[in-house]
Amino acid sequence: MMELPFYHAFAGKVPAVATELAEKLVSMAPAGLARVIFANSGSEANDTAVKLVWYYNNALGRPEKKKIIGRNKGYHGMTVAAASVTGLAFVHGDFDLPRGRFLHAGCPHHYRFGVPGETEEQFAARLATELEELILREGPETVAAFFAEPVMGAGGVIVPPATYFDKIQPVLSRHDVLFVVDEVICGFGRTGSMFGSQTFNLKPDILTCAKALTAGYLPMSATLVSGPIYEALLAQSDKLGIFGHGYTYSAHPVPAAVALETLKIYEQRDIVGHVRRVGPRLQAGLARLGEHPLVGEARGIGLIGALELVCDRAARANFEARAGVGAYLVRRAQHHGAILRNMAGDIIAFSPPLIITEGEIDKLLDCARRALDDTLAMVRERGLAG
Ligand SMILES: Cc1ncc(COP(=O)(O)O)c(C=O)c1O
């Protein structure tokens, strides 16, 4: 702030610190991502990605290739385009989003959507086939991009089944569909690699990130694009005489400086190595809690995870939403000393600070276990369990 409290990034001027941050991000990001455009939130980064995809296809003379495929239960934000890519009904309801160009593929949650006897690999193959059928039905010449979070967050912390992305990516390449990877949650260590793309071997054409970019301390997000996309955008903006996108606070020097310092600290403290070291303790603890009579599935990777509560483990049956079982559990957890998040479907999400220690993980798990026991007692008392 002392050096440059504000300058915009329009008309050929960019704060030097933002340029430095762009270079830093490109050096850390999955191979092939070459350029960065900044915004202020995850939603804006994804809205920007949608606009760039459309602009890109206009630049290539493909005005029909504009449809965007998200996934059921995918979450990409609340602005108009990001909400439309999102596959959660509550984000759509009554907001009159312009949904015509937005389609949704199947949700990669094996526990909920795998058919009996189907292995994770078989389920992944089926989802890839269904995606290809969707693209063919719509006409590949009309499908521009596929958006995915490496691990779905707000949709319920859904870790993809084994080989899922290995099977999805060739489908996208075959039909010249851009792969937009939303790393707003997974970016910067959460899954045990710097990016979720590295954990799951993804090759994004566009990558969006936010949140941990500044450790959440100041609002900033980024959209990274491949070299060929950048070249096409550049040629098109030369043709139009202007690149007509950007926000007043895009590349704001203060969050950019905070982001640069944050990334430096992640490296100094080897935050990714730390997540890799302590993540297994969280996952092993969650797996143990997965044996609790209230838990249908425990899942996660790195320092993100969830417990999905059920009233009948054999039938995998949910409690009625109005029983408020997940909300009760979260209140009990807070009473015992841990803040957890309850998501639709009584899914209890864990996403602790990346600096959490093994001792703190044990405490967190202990609070969760006590909250589960309290909730089981409540459920039995009220006759809610099957
Ligand atoms: C994966 C993902 N994408 C996008 C967003 C939207 O980010 P924001 O709330 O900063 O607009 C979120 C927010 O939680 C998210 O989890």
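The values are calculated or read from the model by the stated rules, or taken from the named source; none is laboratory data. As the structure is a computational prediction, the values presented were derived from the model and not from experiment. Methodologically, a virtual Cβ is constructed for each residue, glycine included, from the backbone with ideal geometry; neighbour enumeration extends over all protein chains shown. Heads up: the accessible areas ignore ligands, DNA and RNA and are worked out on the full protein's heavy atoms, side chains in. Shrake-Rupley method; radii C 1.70, N 1.55, O 1.52, S 1.80 Å.
Exactly one condition in (1) more than 20 Å from the chain's Cα centre (by Cα); (2) farther than 29 Å from Ile229 by Cα; (3) at pLDDT 95 or above is not met by Glu141; state its number.
Of the numbered conditions (1) more than 20 Å from the chain's Cα centre (by Cα); (2) farther than 29 Å from Ile229 by Cα; (3) at pLDDT 95 or above, the odd one out for Glu141 is (2).
Which residues, counting only those in the stretch 72-87, are open to solvent by 10 Å² or more (accessible area, probe 1.4 Å) and within 11 Å of the ligand (Cβ to nearest atom)?
Tyr75, Met78, Thr79
Okay, residues lined up against (1) under 17 Å from Gly156 (Cβ atoms); (2) without any contact (Cβ under 8 Å) to a residue 40 or more places away in the chain:
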| residue | (1), (2) |
| --- | --- |
| Arg101 | no, yes |
| Gly106 | yes, yes |
| Glu118 | no, yes |
| Leu134 | no, no |
| Arg137 | no, yes |
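Could you list, in sequence order, all residues of the stretch 152-184 that are part of a loop (DSSP other than H, G, I, E, B), away from the ligand (no atom under 11 Å from the Cβ), out of contact with any Asp or Glu (no Cβ under 8 Å at 6 or more places or on another chain) and open to solvent by less than 20 Å² (accessible area, probe 1.4 Å)?
Pro160, Val177
In the stretch 236-284, which residues are outside any helix (DSSP H, G or I), of a type in the set (Gly, Ala, Ser) and in contact with a strand residue (DSSP E or B) (Cβ under 9 Å, 6 or more places away or on another chain)?
Result: Gly246, Ser250, Ala251.
Give me the residue from the stretch 189-199 that is within 13 Å of the ligand (Cβ to nearest atom) and part of a loop (DSSP other than H, G, I, E, B) and, out of that set, most open to solvent (accessible area, probe 1.4 Å).
Ranking the candidates gives Arg190 first.
Take Ala124 and tell me if it is aliphatic (A, V, I, L, M), at pLDDT 95 or above and not in a helix (DSSP H, G or I).
no
Determine whether the stretch 128-136 contains at least one residue that is touching a helix residue (DSSP H, G or I) at 6+ places or on another chain (Cβ under 9 Å), more than 14 Å from the ligand (Cβ to nearest atom) and either open to solvent by 30 Å² or more (accessible area, probe 1.4 Å) or of a type outside the set (A, V, I, L, M) (or both).
yes
I'd like the full set of residues that are closer than 15 Å to Ile271 by Cβ and more than 13 Å from the ligand (Cβ to nearest atom), limited to the stretch 200-216.
Hit for the stretch 200-216 is Ala215, nothing else.
So, of the residues in the stretch 88-104 that are within 16 Å of the ligand (Cβ to nearest atom) and open to solvent by 10 Å² or more (accessible area, probe 1.4 Å), which turns out to be farthest from Asp166 (Cα to Cα)?
Residue satisfying both the conditions and the ranking: Phe95.
Within the stretch 228-239, is there a residue that is open to solvent by 60 Å² or more (accessible area, probe 1.4 Å), among the basic types (Lys, Arg) and within 14 Å of the ligand (Cβ to nearest atom)?
Taking every residue of the stretch 228-239 in turn, none turns out to be open to solvent by 60 Å² or more (accessible area, probe 1.4 Å), among the basic types (Lys, Arg) and within 14 Å of the ligand (Cβ to nearest atom).
Just checking, which of Ala317, Ala306 is more than 22 Å from Thr191 (Cα to Cα), hydrophobic (A, V, I, L, M, F, W, C) and open to solvent by less than 50 Å² (accessible area, probe 1.4 Å)?
Ala317
Within the stretch 313-356, which residues are touching a strand residue (DSSP E or B) at 6+ places or on another chain (Cβ under 8 Å) and free of Cβ contacts under 8 Å to residues at least 12 places away in the same chain?
If the condition is that a residue be touching a strand residue (DSSP E or B) at 6+ places or on another chain (Cβ under 8 Å) and free of Cβ contacts under 8 Å to residues at least 12 places away in the same chain, then Arg341 is the only one that fits.
When you check Gly114 against the structure, is it crowded, with 18+ Cβ neighbours inside 10 Å, within 16 Å of the ligand (Cβ to nearest atom) and either touching a residue at least 24 places away in the same chain (Cβ under 8 Å) or of a type in the set (Asp, Glu) (or both), yes or no?
So Gly114 does not fit the description; no.
Take Gly296 and decide whether it is touching a residue at least 60 places away in the same chain (Cβ under 8 Å), assigned to a strand (DSSP E or B), surrounded by 15 or more Cβ atoms within 10 Å (Cβ to Cβ) and on the phi > 0 side of the Ramachandran plot.
no
Are any residues in the stretch 54-71 surrounded by fewer than 16 Cβ atoms within 10 Å (Cβ to Cβ) and among the aliphatic types (A, V, I, L, M), and if so, which ones?
Leu60
Take the residues in the stretch 24-57 that are out of contact with any strand residue (DSSP E or B) (no Cβ under 9 Å at 6 or more places or on another chain) and closer than 26 Å to Gly87 by Cα, then tell me which one is nearest to the ligand (Cβ to nearest atom).
Across the stretch 24-57, the extreme among qualifying residues is Lys51.
Pairs, please: C-beta under 9 Å, at least 6 apart or cross-chain, first residue under 20 Å from Pro253 (Cβ atoms) and open to solvent by less than 60 Å² (accessible area, probe 1.4 Å) and in the stretch 200-221, second among the aromatic types (Phe, Trp, Tyr) and within 14 Å of the ligand (Cβ to nearest atom)?
Cys209/Phe188; Cys209/Phe195; Ala212/Phe188; Leu213/Phe188; Ala215/Phe188; Met220/Phe38; Met220/Tyr249; Ser221/Phe38
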